[in-house]
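Chemist: The structure under discussion is supplied below as structure tokens; questions concerning it will follow.
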Amino acid sequence: MVVPLTPALADKVARTEALLAEAAALGDVALASSLSAEDMVLTALIAKAALPISVFAIDTGRLHEETVALIPAAREKLGVEIEVFHPIARDVATYVRENGANAFYESLELRKACCHIRKVEPLERALKGKRGWITGQRRDQAVTRTELAEREHDAARGIEKFNPLADWSWEDVLAYAAAFDVPINPLHARGYISIGCDPCTRAILPGEDPRAGRWWWENSDSKECGLHLSPLPTRSRAPA
């Protein structure tokens, strides 16, 4: 049985549905799914509205088994096929040979180099030829995202970017997933709020920042992998 949403969350859902429809209207738009609870909710909303939005994920080669299992779960429970992109094997092999398998612990430079090979480069291939992309980013996820717009122009790629869950809270995401039986990562229930690669993610303690479990050995203002960074920081909000 579907659990009714609170009026406040129902309003957010309506706004999100409108933004997804706005994105779909551009044509050839994709959801870049990290297989997070946020992205699984967006996948469910896309499926519910039968929107012409493709969904892809990047398997870095170092994801948790629980995360990878969400790819077939999306097909079985939501009826959505998720296209999977992988890093270029020779680039991974070169990085490991020259630096070591876990060199990302040694410096910010080496960590970002690993993220570029395993995440950013596959994203570029996945977005090639697209008119826009959709993410599950939220403003309260990190200090680097507090000014996140619902719609912005990705100047680095020359395409539109939509963040339909920008004003959702983590509690909103969990409430929607529970209400509509959206499959989410079981690691969330074990304290993993923001989930990335296995060796770069840990559970957080009560009261810790949601991103504290990502690259926990770094300062909070550096905790981005490069997927969402643009050389032109100016953002424009979509009309309300």
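Chemist: How many residues, within segment 158-176, are farther than 18 Å from M40 by Cβ and without any contact (Cβ under 8 Å) to a residue 40 or more places away in the chain? Spell out the reasoning first.
Modeler: To start, the set of residues in segment 158-176 that are farther than 18 Å from M40 by Cβ comprises 158-161, 167.
Imposing the further condition that a residue be without any contact (Cβ under 8 Å) to a residue 40 or more places away in the chain reduces the set to 158-159, 161.
Residues in segment 158-176 being farther than 18 Å from M40 by Cβ and without any contact (Cβ under 8 Å) to a residue 40 or more places away in the chain: 3 in total.
Chemist: Pick from segment 81-111 the residues that are closer than 30 Å to T43 by Cβ and crowded, with 19+ Cβ neighbours inside 10 Å: which of them is farthest from the chain's Cα centre (by Cα)? Lay out the reasoning, then the answer.
Modeler: As a first pass, look at segment 81-111 and keep what is closer than 30 Å to T43 by Cβ: 81-89, 91-92, 104, 111.
Checking which are crowded, with 19+ Cβ neighbours inside 10 Å leaves us with 82, 87, 104, 111.
Values: I82: 14, P87: 17, F104: 21, R111: 19 Å.
Applying the filter and picking the extreme gives F104.
Chemist: Right, next: Quick check on my filter: what residues within segment 100-116 are in contact (Cβ under 8 Å) with a residue 40 or more places away in the chain and either under 19 Å from L63 (Cβ atoms) or touching a His at 6+ places or on another chain (Cβ under 8 Å) (or both)? Please lay out each step first, then the result.
Modeler: Start the filter on segment 100-116 by keeping residues that are in contact (Cβ under 8 Å) with a residue 40 or more places away in the chain, which leaves 102, 104-105, 108, 111-112, 115-116.
Listed by number, the residues that qualify are N102, F104, Y105, R111, K112, C115, H116.
Chemist: While we're looking at this one, here's another question. If you take the residues in segment 22-52 that are of a type in the set (D, E) and out of contact with any strand residue (DSSP E or B) (no Cβ under 7 Å at 6 or more places or on another chain), which one is surrounded by the most Cβ atoms within 10 Å (Cβ to Cβ)?
Modeler: Across segment 22-52, the extreme among qualifying residues is E38.
One line per residue, one yes/no per condition, for (1) buried (at least 22 other Cβ atoms within 10 Å of the Cβ); (2) touching a helix residue (DSSP H, G or I) at 6+ places or on another chain (Cβ under 6 Å):
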{"site": "I134", "(1), (2)": "yes, yes"}
{"site": "R145", "(1), (2)": "no, yes"}
{"site": "A149", "(1), (2)": "no, no"}
{"site": "A155", "(1), (2)": "no, no"}
{"site": "K161", "(1), (2)": "yes, no"}
{"site": "W170", "(1), (2)": "no, no"}
{"site": "L174", "(1), (2)": "no, no"}
{"site": "L187", "(1), (2)": "no, yes"}
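Chemist: Then there is this: Restricting attention to segment 55-80, and to residues there that are of a type in the set (G, A, S) and buried (at least 16 other Cβ atoms within 10 Å of the Cβ), which single residue is nearest to W133 (Cα to Cα)? Steps first, answer last, please.
Modeler: Taking segment 55-80 and keeping what is of a type in the set (G, A, S), we get 57, 61, 69, 73-74, 79.
Checking the rest, the ones that are also buried (at least 16 other Cβ atoms within 10 Å of the Cβ) come to 57, 73-74.
Numbers: A57: 12, A73: 22, A74: 19 Å.
Looking at residues that are of a type in the set (G, A, S) and buried (at least 16 other Cβ atoms within 10 Å of the Cβ), I get A57.
Chemist: Here is a check on your reading of the model: is V55 in a helix (DSSP H, G or I), under 18 Å from the mean Cα position of the chain (by Cα) and either under 30 Å from Y95 (Cα atoms) or in contact (Cβ under 8 Å) with a residue 40 or more places away in the chain (or both)?
Modeler: Values: in a helix (DSSP H, G or I): no; under 18 Å from the mean Cα position of the chain (by Cα): yes; either under 30 Å from Y95 (Cα atoms) or in contact (Cβ under 8 Å) with a residue 40 or more places away in the chain (or both): yes.
The answer is no for V55.
Chemist: Please verify whether segment 42-49 includes one or more residues that are assigned to a loop (DSSP other than H, G, I, E, B) and touching a residue at least 24 places away in the same chain (Cβ under 8 Å). Reasoning before the result, please.
Modeler: So in segment 42-49, the residues assigned to a loop (DSSP other than H, G, I, E, B) come out as 49.
Still in the list and also touching a residue at least 24 places away in the same chain (Cβ under 8 Å): 49.
Yes - at least one qualifying residue is present in segment 42-49.
Only the coordinates and a few stated rules stand behind these numbers; no lab work does. Keep in mind that what you see is a predicted model, and the values were worked out from it rather than measured. Don't worry about glycine lacking a Cβ; one is built from the backbone with ideal geometry, like all the others, and counts go over all protein chains shown.
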